1. Using the heavy atoms of the protein chains and a 1.4 angstrom probe, tell me the accessible area per residue for the chain in square angstrom.
2. Calculate what fraction, in whole %, of the accessible area of the chain sits on carbon and sulfur atoms when a 1.4 Å probe is rolled over the protein chains.
3. Given a Förster distance of 30 Å, report the FRET efficiency between Asp68 and Phe158 from their Cβ-Cβ distance, rounded to the nearest 0.05.
4. Tell me which label goes with the value of Cα extents along the principal axes in Å computed from the coordinates here: (1) 49, 48, 31; (2) 64, 41, 30; (3) 59, 36, 29.
5. Lys/Arg Cβ at +1, Asp/Glu Cβ at -1, dipole of the stretch 27-80 taken about the Cα centre: which of Thr33, Asn70, Ser44 is farthest positive-ward?
6. Using a 7 Å offset from the Cα along the Cα-to-Cβ direction at both Thr122 and Ser84, what is the distance between the two label points in nm, to one decimal?
7. By how many nm would the segment from Ala11 to Tyr58 lengthen if fully extended, with 0.36 nm per residue of separation less the alpha-carbon distance?
8. Obtain the nm distance between the two label points defined at Leu37 and Ser194 by a simple spin-label model: each point lies 7 Å from its Cα along the Cα-to-C-beta direction.
Amino acid sequence: VSSTDPNKIYACGINSSRGGDLKYVILSEDGGTSWELIGKSDASFSPLCSTLGCQGFYDLCLAVHPRDDNKIFLGGSVKAYGWSRNQGWVQASNWNSPAILGLNLVHADNHEFAFHPTRPDTMVICTDGGPYITFNSLSSFPNSTWKPIFTGLNITQFYDMAVNKYGELVGGTQDNGTQFITLTSKNNVALEISG
């Protein structure tokens, strides 16, 4: 919902019969009385899918820019997009090939966008690989410059782990490799031993 016009609403839905592919992105400018289709998955635009399949049930976030409700952001599987009526859908990030279109890498599996309350150009995207920040979400829309901000955050999601009699730990993480930690690891910093 627009923060300046409560009658302006964006919504999206997934096609669960196709594994969570994007079914639609719609816009209402009259509080939900009528809706306009502004996006759907096709051969050139499939933000919730990758070569591994579609994951809209897991990777899906949509946000309206707080200072310009004609600009939205849609995050998905391996790419995020920006949309405006003038530009249509434009890729805003890429996990696999950050050099494409001069984009910076943003980790896969986008879950949330958040905007700084007093600095409209500052936006964070939360991913399975940690948070990323841009300081030009509006001024360079949709070609934001991203950087990771998870340095010093000793967090990750482990699916399984094991500890041996020496206190060494090895575990497999969500999209962050297999990590190895010893009792002598400074600040519990892990060594990635497998991708």
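The values are calculated or read from the model by the stated rules, or taken from the named source; none is laboratory data. Treat the numbers as computed from the prediction; the structure is a model and nothing was measured. A quick note on method: Cβ atoms are made from the backbone with ideal geometry, for glycine too, and the neighbour counts reach across all protein chains shown. Quick note on the areas: whole protein, heavy atoms, side chains included, nothing else; ligands and nucleic acids left out. Shrake-Rupley method; radii C 1.70, N 1.55, O 1.52, S 1.80 Å.
1. 54
2. Ligands and nucleic acids excluded, carbon and sulfur give 53 percent.
3. 0.15
4. Computed from the coordinates, Cα extents along the principal axes in Å corresponds to (2).
5. Ser44
6. Taking the simple label geometry, Thr122 and Ser84 are separated by 2.2 nm.
7. Details: separation 47, 0.36 × 47 = 16.92 nm, distance 1.63 nm.
Answer, rounded to one decimal: 15.3 nm.
8. 4.5
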